[in-house]
Amino acid sequence: MIGVLRLMWMLLRIGVLVARGLLTLRRFSLRTPRQRQDAIREWSRRLLRICRVQLTVEGEILAPPALLAINHVSWLDIIALNAARPTRFVAKSDIDRWPLLGALARGAGTLFIERERRRDAMRVMHHMADALRQGEHVSVFPEGTTSDGRAILPLHANLFQAAVSAEVPVQPVLLRYVSAKDGRYSRAPAYVGDETMLGTLWRMACSPPLLVRVAYLESISLRDRRDLGRAVQAALENALLDGGART
């Protein structure tokens with residue numbers, strides 16, 4: 001019963017927050033880039049609080065331009081990363097079609113990709129390289145899909161071509177969701193396979209409060225996308241193993 005009431009309260013508050021976010025987007029063009037980042041960060045932190053998720057940041061984000069390569073666990077990943085430091089994201093086109101949240105993602109400058117279409121992947125790659133050359137952070141999920149957070153899936157090396165073309169470094173970023181009480185792994189936010197956003201919210205409503213750890217790792221500069229893929233994979237796996245040993 002407590003879980004049901006908590007979920008209903010979360011959904012109500014999320015609806016209000018999303019509506020406020022859509023109103024804010026109407027005035028985005030009048031704001032400076034810094035003001036936009038501040039608005040995105042504050043909105044994201046509020047959503048985390050509604051979802052009963054605390055945030056902790058380890059390490060420092062690399063000064064732009066840089067490509068951030070992140071493991072993918074949940075629809076909450078982008079929220080957590082924006083709460084730490086807003087960046088431009090490359091996300092699956094499915095998100096663009098989500099009610100309300102798709103509009104918010106577009107307003108924040110997300111680049112959407114149809115992964116099954118090779119020509120579309122090339123289009124997005126050019127946009128990524130252009131954004132990097134213009135001095136931006138661009139964030140990607142090179143696993144190409146979500147996992148339950150216990151392991152790093154094989155990375156798609158083609159996403160690193162933008163960093164090679166723009167001659168910028170890649171910074172691996174590890175996300176881990178754990179219990180805020182004892183630091184143990186939590187599957188509550190996982191968004192894998194046929195799972196739904198509502199299902200993850202239900203698990204979070206029924207679970208103790210969570211903690212998302214955003215760890216910015218050492219940057220990597222290599223001139224071959226496959227070498228970059230292997231190096232980033234190793235960095236994420238080692239960080240995940242080290243984090244698991246500590247919790």
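The values are calculated or read from the model by the stated rules, or taken from the named source; none is laboratory data. Because the structure is predicted, anything quoted here is derived from the model rather than measured. Heads up, the Cβs are rebuilt from the backbone with ideal geometry, glycines too, and the neighbour counts pull from every protein chain shown. All accessible areas refer to the heavy atoms of the entire protein, side chains included, with ligands and DNA or RNA removed. Shrake-Rupley method; radii C 1.70, N 1.55, O 1.52, S 1.80 Å.
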message = Helix-only estimate, please: 222 nm mean residue ellipticity of the chain, summing -39500 (n - 2.57) across DSSP H runs of length 4 or more and dividing by its residues, to the nearest 500.
response = -15000 deg cm²/dmol
task = Output the DSSP H helices from the chain with an along-axis C-alpha extent of no less than 20 Å and a mean Kyte-Doolittle hydropathy no less than 0.0.
result = 2-25
ask   = With all protein chains present, how much of the accessible area of the chain (probe radius 1.4 Å) comes from carbon and sulfur, to the nearest whole percent?
value = 54 percent
task = On a C-alpha basis, how far is the centre of the range 119-136 from the centre of the range 138-208 in Å? Whole number, if you could?
result = 22 Å
ask   = Considering amide H positions built from the backbone, and no H for Pro or chain starts, which residues 5 or more places from H137, or on another chain, come under 5 Å of its amide H?
value = A66, R88
query = How much length is gained if the chain between R226 and F28 is pulled fully straight, taking 0.36 nm per residue apart and subtracting their Cα-Cα distance, in nm to one decimal?
reply = 67.5 nm
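Hey, what's the chain come to in accessible area per residue, 1.4 Å probe, Å²? Each step should come with its number before you reach the end.
Details: 12460 Å² over 247 residues.
Result: 50 Å² of accessible area for each residue.
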ask   = What ³J(HN,Hα) values, in whole Hz, does the Karplus curve 6.51 cos²θ - 1.76 cosθ + 1.60 give for the range 51-66 when θ = phi - 60°, with x put for Gly and Pro?
value = 7, 6, 10, 8, 10, 9, 10, 10, x, 10, 5, 5, 4, x, x, 6
query = Near the amide H of Q171, under 5 Å away, which other amide H atoms are found, from residues 5 or more places off or on another chain, if H is placed in the peptide plane?
reply = L67, L68, A69, I220
message = Could you identify which residue out of S29, S219, S74 has the top mean-square fluctuation in a GNM of the chain using Cα springs shorter than 10 Å?
response = S29
query = Suppose R0 equals 41 Å; then what is the FRET efficiency for D182 and R123 from their Cβ-Cβ distance, rounded to the nearest 0.05?
reply = 0.35
inquiry  = Placing unit charges on C-beta atoms (Lys and Arg positive, Asp and Glu negative, everything else neutral), compute the dipole magnitude of the range 1-87 about its Cα centre in debye, rounded to 20.
reply    = 480 debye
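Any idea what the dipole of the chain comes to, in debye rounded to 20, about its Cα centre with Lys/Arg Cβ at +1 and Asp/Glu Cβ at -1? Mind showing how you got there, number by number?
Values: 36 positive and 23 negative charges, 178 e Å.
In debye, rounded to 20, the chain gives about 860.
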